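The values are calculated or read from the model by the stated rules, or taken from the named source; none is laboratory data. Treat the numbers as computed from the prediction; the structure is a model and nothing was measured. Note: ideal-geometry Cβ built from the backbone for every residue, glycine included; neighbour counts use all protein chains shown. Each accessible area value is taken on the protein alone, full model and side chains, heavy atoms only, with ligands, DNA and RNA left out. Shrake-Rupley method; radii C 1.70, N 1.55, O 1.52, S 1.80 Å.
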Amino acid sequence: MNAGIGTTVRRKEDLRLVTGRGCYSDDFNFPNQAYGAAVRSPHAHALIRGIDVAAARAMPGVLAVLTGADALADGLARIPHLTAAGTPPDIVLTNRDGAPVPAAPHYVLPTDRVRHVGTAVAFVIAETVAQAKDAAEKVIVDYEPLPALTDAKAAVEKEAPRLYNDLPNIMIDAEIGDAAATDAAFSRAAHVTRLDTWINRVTGVPMEPRAAVGVYDAAAGRYTLYAGSGGIVRQKKEIAAILGVPFDNVRVIAHEIGGNFGTRNSFFPEFALVVWGSRRVGRPVKWTADRSEAFVTDYMGRDLTVSAELALDAQGRFLALRSSNLSNVGAHSGSYVPLVKGVGLATSGYRIPTSYLQARAVLSTTMCTTPYRSAGRPEVIYVIERLIDKAAQEHGFDRVNLRRKNLIPPSAFPYKNAQGITYDNGTYRAVMDRAMELGDWQGFKKRRAEAKKRKRLRGIGLCCYLETTGGYPRERADITVQPRGKVDVVVGTLSSGQSHETTFAQCVAEWLGVPFDDINVIESDTDIVKEGGGSHSARSMRLAGIVMGNASDAIIEKGKKVAAHLLETAEDDIGFAAGRFTVKGTDRSVGIFDVAAAAAGGNAAMPEDLRGPLAATADETIKQLGFPYGAHVCEVEIDPQTGALELKRYTAVDDVGRAINPMIVHGQTHGGAAQGIGQALWELCAYDEQGQLLSASFMDYAMPRADLLPSFTTDISEVLTPTNRLGVRGAGEGGTTGALGAVVNAVVDALAEFGVTHIEMPVTPEKIWRAINAAEKK
């Protein structure tokens, strides 16, 4: 079977998963296991005046009731979230007043106050789940309610209540670009278009709610966490830091993740609570969230308030972009990555000579926002694509020609944008043209006329997007060719649906010339996986491809030495191809597994330096960005009487660089598009003025469903990037990045006859109906 790079191979993972042999976080259970339940705050903002746990401790089956005071006494530190305001080659945000960018602390159990609904203030451990939950209801917390603050614009006001006594609400107040040059460009512009918008807050809603088991081995002084996440090495480092124990005293194991999308990349308090709780009670401790608990306490995404302007000359050439981006980071500083990434990519794939952006991050009494699929990029791509359509509508340009005129041509690469980010290469116009061709842009007028006969409004939207991927820069691969005819590939990424067992095996199968089915990819246990950054920011194949390739090269070089000894020839006379070492110009050869067996077999005639496993390690730090790009076309139909919307067609063309497995790339695009469409049309984490989450169940948080989506038409462009050996850009996030703009542009196009120039997400039937009726009343 040809299973090398670039071929469509069925996923190795699927047989295990569809036959019920997967192991998710809640599937881990141990003898003598106890169960945990969290006592959560009903207030969005309140001082903790006292916690009375006496009644709870007296309940049947209760083993412990832990509070923030206990955590403080045991020396538990704050959660070490990754809160850098950018690192090169990304944009680095610095406060305008020169003050360091602070990080609002996040503790596993607070002692002073709660800052969002659902904050865990105590953790009950009991013999059964029911006993733990019953006892949790007996914990009495004396709260002194304080004003809630959920809106980012309100949070930046001087009179806004502060969440921390020693910190301002505004964590970041930075500026990027050239203000003077941008002002000058706007002053000479023939046309200026403005957009004020809010990119709605959403959450990942993984299929499996969070679950974790902590096991403390008193004899070894060692903690083990069983929990799904975005990366086990990161979780190990964070647990060690919180508990104040040596790195090697922690082990983390994760198998099937049950869904992530960035929601599970950051550390959750419960992960520390179960391992710490296990030490306190001397037994394994398990905790599993229910769905409403997950809605309230899962990390959220987006929530960006933007005021942006685009300057154009009389011919429609873009002159400058000016934007104010305000990120609502929630109650604690979980991450500033979405703000950083968005600012760096705000001009997208267009030639915009100058820009000026104000970037602010502000606290609020809501759950933290952290990177969510394509962190920061869908927001700014949505803004620039809406600006372009709005400019066309307001100033009489053709929206397609406006894009074609301003997209960066292939001859301009490498291209440094106005914010200082350098793009590698690409064929942006060709991808847009291909998406329009597959989406039958030319046939739209006929379909619109047919819809009008049925008293329906039909609209078509286009979005050209650019991604910038990066993530944790260090990755490691350990590859061992086993004499028994297998190859073990240990790598520090962690699949949550990206198909690493398949695609990584395809790469190694091609490089080492071994059967695809004989390759075992290992990512799940920190006792085996020594280093690595997990899976986020489309980093897995880009970085793992480099280190797996380097390790494979080292194995081949070592194998040549062993083969030369076995074949009694000079090393320079040995060639390697299709899994065999051959004496050049002869038919004498030896297979790679035979070489591994000879090296490991203790042959006394084998030189000492050639004995041992046929293995190699590659550990690299790669500070380099990737730039996937593409274009999406969306077509919608609207009932003007009710505002009901039907998604009729959806087309996506994505350039991912080299597609290791085209089927899997198409699947990533389908899933990403569904998430982006979901945000554009349905999804919303809705808080009321008191900071209560109104969308904490599937009755209130509207999810995309299969019957609401059309069959997608997708295509892959493969312009190889020169920045890595495989030429891959990343494939996991483009589907989401292009969806928001494509959908909303299509809706506005359908409503253009009413004079509608913008509509906010999620674009619900009510909003559409109100927009139509407001226009008719004018």
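Select from segment 304-314 the residues that are open to solvent by 10 Å² or more (accessible area, probe 1.4 Å) and within 26 Å of F261 (Cβ to Cβ) and list them in ascending order. Of everything in segment 304-314, those that are open to solvent by 10 Å² or more (accessible area, probe 1.4 Å) and within 26 Å of F261 (Cβ to Cβ) turn out to be L304, T305. Scanning segment 733-743 turns up at least one residue that is polar (S, T, N, Q), under 23 Å from the mean Cα position of the chain (by Cα) and either surrounded by 19 or more Cβ atoms within 10 Å (Cβ to Cβ) or more than 20 Å from M541 (Cβ to Cβ) (or both).
Selection of first residues in segment 492-517 that are in contact (Cβ under 8 Å) with a residue 12 or more places away in the chain and in a loop (DSSP other than H, G, I, E, B) and of second residues that are of a type in the set (A, V, I, L, M, F, W, C) and open to solvent by 10 Å² or more (accessible area, probe 1.4 Å), restricted to Cβ pairs under 6 Å at least 6 apart or on distinct chains, gives the following pairs, ordered by first then second residue: S499/I664; G513/A578. State the number of residues belonging to segment 165-189 that are open to solvent by 60 Å² or more (accessible area, probe 1.4 Å) and either under 19 Å from I384 (Cα atoms) or modelled with pLDDT under 95 (or both). Result for segment 165-189: 3.
Every condition in (1) part of a helix (DSSP H, G or I); (2) open to solvent by 10 Å² or more (accessible area, probe 1.4 Å) is met by R322 except one, and the failing one is (1). Beta carbons closer than 6 Å, at least 6 apart along the sequence or on distinct chains, pair a first residue in segment 203-220 that is open to solvent by 40 Å² or more (accessible area, probe 1.4 Å) with a second that is assigned to a loop (DSSP other than H, G, I, E, B) for M207/G258; M207/G259. Of the set (1) at pLDDT 95 or above; (2) surrounded by 17 or more Cβ atoms within 10 Å (Cβ to Cβ), all apply to T723 but (1).
If only residues of segment 471-491 that are under 20 Å from the mean Cα position of the chain (by Cα) and either open to solvent by 10 Å² or more (accessible area, probe 1.4 Å) or without any contact (Cβ under 8 Å) to a residue 12 or more places away in the chain (or both) are counted, the one that is farthest from V653 (Cα to Cα) is R474. Does G258 satisfy being more than 20 Å from N29 (Cα to Cα) and either open to solvent by 10 Å² or more (accessible area, probe 1.4 Å) or of a type in the set (S, T, N, Q) (or both)? Against the criterion (more than 20 Å from N29 (Cα to Cα) and either open to solvent by 10 Å² or more (accessible area, probe 1.4 Å) or of a type in the set (S, T, N, Q) (or both)), G258 does not qualify. For segment 14-44, a tally of residues being in contact with a Gly (Cβ under 8 Å, 6 or more places away or on another chain) and more than 30 Å from R115 (Cβ to Cβ) returns 2.
Quick one: how many residues across segment 652-699 are more than 30 Å from L149 (Cβ to Cβ) and either part of a loop (DSSP other than H, G, I, E, B) or acidic (D, E) (or both)? Here the count works out to 7. Can you confirm whether segment 633-642 contains a residue that is among the acidic types (D, E) and either open to solvent by 40 Å² or more (accessible area, probe 1.4 Å) or without any contact (Cβ under 8 Å) to a residue 12 or more places away in the chain (or both)? Within segment 633-642, not a single residue is among the acidic types (D, E) and either open to solvent by 40 Å² or more (accessible area, probe 1.4 Å) or without any contact (Cβ under 8 Å) to a residue 12 or more places away in the chain (or both). Assessment of segment 446-467 against the conditions (free of Cβ contacts under 8 Å to residues at least 40 places away in the same chain, open to solvent by 10 Å² or more (accessible area, probe 1.4 Å) and either assigned to a loop (DSSP other than H, G, I, E, B) or in contact with a helix residue (DSSP H, G or I) (Cβ under 9 Å, 6 or more places away or on another chain) (or both)) yields at least one matching residue.
For first residues located in segment 762-778 and more than 12 Å from L751 (Cα to Cα), partners that are surrounded by fewer than 13 Cβ atoms within 10 Å (Cβ to Cβ) and lie 6+ apart or on another chain with Cβ distances below 9 Å form the pairs P765/T642; K778/G755.
Where helices (runs of 4 or more DSSP H) fall wholly inside segment 336-406, no range has 2 or more residues that are at pLDDT below 95 and surrounded by fewer than 24 Cβ atoms within 10 Å (Cβ to Cβ).
Is there a residue being of a type outside the set (F, W, Y), touching a residue at least 24 places away in the same chain (Cβ under 8 Å), open to solvent by 40 Å² or more (accessible area, probe 1.4 Å) and not in a loop (DSSP other than H, G, I, E, B) anywhere in segment 702-710? Looking through segment 702-710, at least one residue is of a type outside the set (F, W, Y), touching a residue at least 24 places away in the same chain (Cβ under 8 Å), open to solvent by 40 Å² or more (accessible area, probe 1.4 Å) and not in a loop (DSSP other than H, G, I, E, B). Applying the criterion of at least 3 residues that are under 30 Å from P89 (Cα atoms), at pLDDT 95 or above and open to solvent by 30 Å² or more (accessible area, probe 1.4 Å) to the strands (runs of 3 or more DSSP E) found wholly in segment 578-624 leaves 614-621. Checked against the criterion of being out of contact with any Gly (no Cβ under 7 Å at 6 or more places or on another chain), farther than 30 Å from D553 by Cβ and not basic (K, R), the candidates T764, T736 yield just one match: T764.
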